[in-house]
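The values are calculated or read from the model by the stated rules, or taken from the named source; none is laboratory data. Bear in mind the structure is a predicted one, so any value in this text is a computation, not a measurement. Cβ: placed from backbone, ideal geometry, glycine included. Neighbour counts: every protein chain shown.
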Amino acid sequence: MTDILFYTMAALLVMLSFFAVSLPNLLHSATALIGSFIITAVLYIMLQIEILALAQIMLYIGGIVVFMLLIILLTTGLGGVDDKLGKITIGKWISKGAITALLFTGLLYFFTENSSRLLDTGASKTASVTIDQIGVRLLSLENGFIVPFEVVSLLLLAALVGAVVIARKDTEKKEDLS
């Protein structure tokens, strides 16, 4: 029963990820991205990796995607759909379907051929690590990752502010021309 649930969740993850990159409306794409992150967290929980599920929810859903949604909603014209983008021809649908089927077949072949090697988790070789030890390791100043984490967070913040400034300048130029 858990195998059926796992593969159902994996198929749903693939579908939502496809929607996140293929929908013409940015707001719908961001919503599909949130769904794919939630399903990824569910898969982590099913694999008994609760710390990654928690990090997935807190970092990606709680931080990055919320910023993306704010940027989409605060800048004008990014949430709507252009009429040219909404029209997809039959040829594009066939090519997207063929590429998706080819990728799915390749992944299926890879996982069936390497299933014994992939399922050997090596659990007997690893030591148990607690959440407290992970937190201390990440946030310690001596050997931790707090400085790179803060640098990356500042770079992401600068990129988001830059995106808002660029989007606002474009709309101000369009209003001046009108």
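Within this structure, F104 fails the test of being aromatic (F, W, Y), closer than 24 Å to L52 by Cβ, modelled with pLDDT of 70 or more and assigned to a helix (DSSP H, G or I). In the condition set (1) loosely packed, with under 14 Cβ neighbours inside 10 Å; (2) modelled with pLDDT of 85 or more; (3) farther than 30 Å from I134 by Cβ; (4) not acidic (D, E), M15 is compliant with all but (1).
Of the residues making up segment 15-46, those that are under 22 Å from F104 (Cα atoms) and either without any contact (Cβ under 8 Å) to a residue 24 or more places away in the chain or outside any helix (DSSP H, G or I) (or both) number 14. Residue check: Y44 meets all listed conditions (1) farther than 26 Å from L157 by Cα; (2) among the aromatic types (F, W, Y); (3) surrounded by fewer than 17 Cβ atoms within 10 Å (Cβ to Cβ) but one, namely (3). Looking for something surrounded by 10 or more Cβ atoms within 10 Å (Cβ to Cβ), among the small types (G, A, S), at pLDDT below 75 and on the phi < 0 side of the Ramachandran plot - is there at least one such residue anywhere in segment 165-173? There is at least one residue in segment 165-173 that is surrounded by 10 or more Cβ atoms within 10 Å (Cβ to Cβ), among the small types (G, A, S), at pLDDT below 75 and on the phi < 0 side of the Ramachandran plot.
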